[in-house]
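One structure is given below, encoded as structure tokens.
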Amino acid sequence: MDFSYPSHGEKLGAQRLAFLETFKKSCKRTMIEMLKAAQSGHSGGSLSSLDILSVLYAFRIAKTHEKIVISNGHITPGIYSLLYEMGAIDDRENLIHTYRQFGSPFEGHINRHVPGVCYGTGPLGVGVSAAAGFALSQKLEGKDGKVFALMGDGEVQEGQVYEMGYFANKYKLNNLVIFVDYNRVQLSGSLDEVMPIDIAAIFQSLKWNVLRIDGHDAEAIWHAVQEADKSDKPTLVLAQTIMGKGIEEMERDGVALKSDWHGIPPTLEQAEVMLARLNVSLEENQILEAFRKERNFHPSKEVFGEDLKKMNDVNTGKHFSYAAGESVAPRTAYGKAVLDLAQHNKKLYVSTADVSKSVCTNLVEKELPEQFIEFGIAEQNMMTINGAMSLEGLIPFCSVYGAFMTSRAKDQARVNDINHCNVKMVSTHCGLSVGEDGPTHQAIDDMGSMMGLFFTHVLEPADANHCDHMIRYVASHYGNFYVRMGRHNLPILTKEDGSILYDANYQYQCGKCDVLRLGNKVTIVVSGSLVSEALKAREKSGVDAEIIIVSSPKQFDATLEKSLKKTKKVIVVEDHNPFSGYTTAVNLWAREKGIELDFFKSLAVTEYQLSGKSAQLYHNSGVDSDAIEKVLKNL
């Protein structure tokens, strides 16, 4: 048997094909043992894609260490067994007996804790965008090589796949190669029964290089890789396969386009029968050991950035100051700050989804077009590509309206969170500040969408100066951030003596709370667009209220704790619904701190509003200065 690397243009030949048969047989044996031990896992797709993955890893990726993203992340029996045969996983018994078990890195869907996995996947459609993100990053950085991806055929039904497809064409990602495991079976039945699609026609319409092959013909797979190397377009390889290929009982159902083995493992009795047909001889084991030793395939361990750690290589530039008496929208301050950051940091990229003027990223678009990425109306693809870019060491900012960032792209933000990415999500037009656009655009649940993510921080600036400091902090600290802000202009906040509250000496920290006015009778906890409303209410009422500006519903500090213990009375005011915003967060936090409150009042958005000026909507919702003043006077 021969497992040497073929030279350029050379066929694999009979000896390498013979080696692949031994390689795959050993993979299948490990795979069945894993499924037997776990009595859980996806059998069919792991087997139908094994020929594709074996050729790619054994004769290409082992040599080049190019990235590959497994978008159909459930085929872990196949990918983990293959990584063992390659030498990336060194303990076969541990893999077999801990697969899908508590405390094991060998989870049901692939993750970055496993050597050789560059992006953890699960929700279908996400992985191909991640691959496009890696490919884009390599283009931006001037790096050679391909990025490969594998996806299932039913996965093409996901809208995100289309978003990725036309993005890859626009940005000429000829370094992206996607194999489709075209076994024509998905979870509920055959592809034609569930949702018939013409995959080749779809990607041809997206102007990709489309190749059709037999996905069980190793020579055809190898030829497709070489053809992709020559293409000036992104390449899709439609590889026709059979679900369960190579295991008689499963393959029979796969030929009949039955979905019985999609997510079903063999029983203990079935597994014993299958394993009896997968004997690997002593000689074959010696060949495989020699292969692993020669390939020396030990991918670098994935780096998980430390949450909120300062990235000292980021130049934060110089704070832009906005003067007292000015009225400036925080989104304007964001646009200016991120342009300054981009000018000082060539690894910082700014992207949006067809709303650059509205979110003020058009400044970067105009001044630094090489650091601006336009995604079109495709928030999901934008989010995942930004995640992959961040894992390549770039600093991606992405912006769109809050209602779309946190609803349409929530799933993708969640997967980025699981992958410990470093994406800076900045949304404008949040809350009722969006005004005339009406309830479909009123992001009054956006903080709640991001609150449940463990490695994503939710922030909100109170004026333009606060926003400038916050954006520079976000750029220079590792982690996923969601920064929300309104649409309209806000007055520049000042201290009681008239000096700027958020001046050049101010230092923002995640979750920092700030005293706007001292008082003793009640604490007004307020954020964002409604801070100026709280200040007006205090001045009109004459009540000795302490105003504490909070900047995140996920973190509070000693400033708030001190105030609550002093006044024991709280009014929480927010441009958000109270069930997943500051009202709930402050209440829980106070209880955990053991602070006993005598009075707690929430002024928040409790129903959808119609179109109107932001001031009208605030008044109708009972969160403006009139509503706050009324509560103050009735204390």
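Each reported figure results from applying straightforward, stated rules to the coordinates on display, with no laboratory input. The structure displayed is predicted, hence computed values, not measured ones. Positions of Cβ are backbone-derived with ideal geometry, glycine not excepted, and every protein chain shown enters the neighbour counts.
Here are some notes:
- Phi-based couplings in Hz for segment 402-409 (Karplus 6.51, -1.76, 1.60; Gly and Pro marked x): x, 4, 8, 4, 9, 10, 5, 9
- Fewest-first ranking of Asp446, Asp624, Asp253, using other Cβ atoms within 10 Å as the exposure measure: Asp253, Asp624, Asp446
- Cα-based shape type of segment 327-491, given that a ≥ b ≥ c are square roots of the gyration tensor eigenvalues and the cut on a/c is 1.5: rounded
- With the largest listed first and rounded to whole Å, the semi-axes of the equivalent ellipsoid of segment 19-295 from the Cα gyration tensor are 29, 21, 17.
- Counting beta carbons within 10 Å around each of Tyr582, Tyr478 and listing the fewest first gives the order Tyr478, Tyr582.
- Shown here for segment 104-180: GluC sites (Glu not before Pro) in loop regions (DSSP other than H, G, I, E, B) with at most 15 other Cβ atoms within 10 Å, namely Glu141.
- Proximity of backbone amide H atoms, modeled 1.01 Å from N, is registered between Val570 and Thr523, Phe599, Phe600, Lys601 at under 5 Å, excluding neighbours fewer than 5 places apart on the same chain.
- Using the average count of surrounding beta-carbon atoms within 10 Å as a protection proxy, the listed peptides 259-266, 490-497 rank, highest first, as 259-266, 490-497.
- Environment charge of Val483, counting only residues whose C-beta is closer than 15 Å and scoring Lys/Arg +1, Asp/Glu -1: +3
- Residues Cys27, Cys360, Cys513, sorted so that the one with the fewest Cβ neighbours within 10 Å comes first: Cys513, Cys360, Cys27
- 5 angstrom amide H check on Ile373, placed H, neighbours 5+ away: Val350, Ser351, Thr352
- C-alpha center-to-center spacing [segment 134-162, segment 456-530] in angstrom: 38
- FRET E, pair Ser281, His113, Förster distance 25 Å, beta-carbon r, rounded to 0.05: 0.15
- Taking every C-alpha pair closer than 8 Å and separated by at least 6 residues, the mean separation divided by the residue count of segment 19-295 gives a relative contact order of 25 percent.
- Whole-Hz ³J(HN,Hα) from phi, Karplus 6.51 cos²θ - 1.76 cosθ + 1.60, for segment 317-333, glycine and proline x: x, 10, 4, 8, 9, 10, 7, 4, x, 6, 10, 9, 6, x, 5, 5, 5
- Here the dipole of the chain is about 1320 debye; that uses its Cα centre as origin and unit charges on the Cβ of Lys and Arg (positive) and Asp and Glu (negative).
- Length-normalised contact order for segment 327-491 - Cα pairs under 8 Å, 6+ apart - percent: 29
- Relative contact order of the chain, pairs being alpha-carbon contacts under 8 Å that are 6 or more residues apart, as %: 11
- ³J(HN,Hα) computed for each position of segment 464-476 - Karplus, 6.51 cos²θ - 1.76 cosθ + 1.60, integer Hz, glycine/proline x: 5, 5, 4, 4, 4, 4, 5, 5, 5, 5, 4, 5, 9
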